[in-house]
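Asker: Quick one: the structure is below, and I'll ask about it shortly.
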Amino acid sequence: MIGDLPHSHIENDPQFAGLTVNQGIEPLSSVNEDSVKRFLKHKKGRTFSVQQYVDGILNGDITILSQAVTLVESSKPDHQETAQEIIVKCLPFSGNSVRIGITGVPGVGKSTFIEAMGKHITAQGKKLAVLTIDPSSERTKGSILGDKTRMEDLSIDPNAYIRPSPSAGSLGGVARKTRETIVLCEAAGFNHIFIETVGVGQSETAVHSMVDFFLLLMLAGAGDELQGIKRGIMEMADAITINKADGSNVERAGLARVQYMNALHLFPAPDSGWKPKVLTCSAYLKTGISEIWNTIDEYLTHVRSNGYFQHRRNEQSKFWMYETINEQLRNNFYQNEEIKMMMEESERKVLKEEISSFVAAKRLLDRYEQIRKKMNIHN
């Protein structure tokens, strides 16, 4: 009888000479239950102690570093508490990097430039962390976080770490959380930090308050190069680079360079004593990259020799202390349950024009002050 044994193959019957089919094995479960349990346990919450996080970061473990950054970015109170403990322990190992802010109008080629400059740095054996801020949707609060896909070579470089983060409505996406992420990256051994901003706008002020060198990327041949550029942004720049200076655009880039140099002469001299430079490059062809890096190096030598480097770091530390205080006060106010209820009622009265916005705000603040005093008496 053909095929009378369990799992036998009809092809092995004598009538099919020259053909043999092996028995095979019993089918295995398509899911490893133990692995699934371990995965789910890991997904449920933190699996490391604070010290394990710190040890992993100091040992340069990228996976643990990324998990710690996720805790920093989280809005959950328990995550924030853990993150702050990690930061405090990592703080003594931070501060030893060069922090560079990079900004520019949309379409200027920031990602291409960062990859070209990043590869130039890592080729020298240096370690680079790139903190890119991805714009969040104001409607859905969602973010694409596609910077890694635009930096293919740099994303697989063993000396580079790219961390895209959603701006989530904060000031252009850069604030306290980015500052704290810098601390963690420095503790992990990254001696060069790039911070890419969303684009020309208010976020530049926040970036400027946490970097050592501020680079403004611009385009040539897009109309009047100086049109629409805020004077404050140009005054903050330690160097301006006209990107995409290739092909038929080389001449226009040269003309734009002269225009920017003339414009910079009209600004007062910066406190650093440094004269901002204007350069051209092609991030796509990787031309002019070494000249820009030499300019950054020259700037750092200048500000370290005259003491401005440390003075600026000290001023930034004070600035972020006050920013953290302001943020905490705001959070405490808006998270108070009684204030939340009172705020809804105040909104209705303002919309019905029963009271003015200013009166409503004063009543809310006065009530919050009363709540705080009452809590202090009970404590």
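Asker: Could you give me the residue pairs with C-beta distances under 6 Å whose first residue belongs to the range 292-312 and is over 13 Å from Asp238 (Cα atoms) and not assigned by TED's automatic domain parsing to the domain that holds Phe214, whose second residue is among the hydrophobic types (A, V, I, L, M, F, W, C) and not in a helix (DSSP H, G or I) wherever it lies, and which are 6+ apart or on separate chains?
Answerer: So the pair list comes out empty.
Asker: Taking the condition in the same structural domain as Leu285 (by TED's automatic domain parsing) and out of contact with any Leu (no Cβ under 8 Å at 6 or more places or on another chain), does Gln67 pass?
Answerer: On the way: in the same structural domain as Leu285 (by TED's automatic domain parsing): no; out of contact with any Leu (no Cβ under 8 Å at 6 or more places or on another chain): yes.
Spelling it out, it is not the case that Gln67 is in the same structural domain as Leu285 (by TED's automatic domain parsing) and out of contact with any Leu (no Cβ under 8 Å at 6 or more places or on another chain).
Asker: Anything in the range 278-315 that is within 15 Å of Ala245 (Cβ to Cβ), touching a helix residue (DSSP H, G or I) at 6+ places or on another chain (Cβ under 9 Å) and buried (at least 17 other Cβ atoms within 10 Å of the Cβ)? List them, or say none.
Answerer: Passing the criteria: Val278, Leu279, Thr280, Cys281, Ser282, Ala283, Ile289, Ile292.
Asker: I've got another one for you. State all residues of the range 335-361 that are assigned to a helix (DSSP H, G or I) and of a type in the set (Ser, Thr, Tyr); if no residue qualifies, say none. Show your work before the answer.
Answerer: Just the residues of the range 335-361 that are assigned to a helix (DSSP H, G or I), to begin with: 335, 337-351, 357-361.
Across the range 335-361, the qualifying residues are Ser346, Ser357.
Asker: With respect to the numbered conditions (1) at pLDDT below 95; (2) crowded, with 20+ Cβ neighbours inside 10 Å; (3) under 30 Å from Ser49 (Cβ atoms); (4) not assigned by TED's automatic domain parsing to the domain that holds Gln67, which one is the sole condition not fulfilled by Lys127?
Answerer: The number of the failed condition is (1).
The values are calculated or read from the model by the stated rules, or taken from the named source; none is laboratory data. Since the model is a prediction, treat every value here as computed from it, not as a measurement. Glycine also receives a Cβ, built like all others from the backbone with ideal geometry; neighbour counts cover every protein chain displayed.
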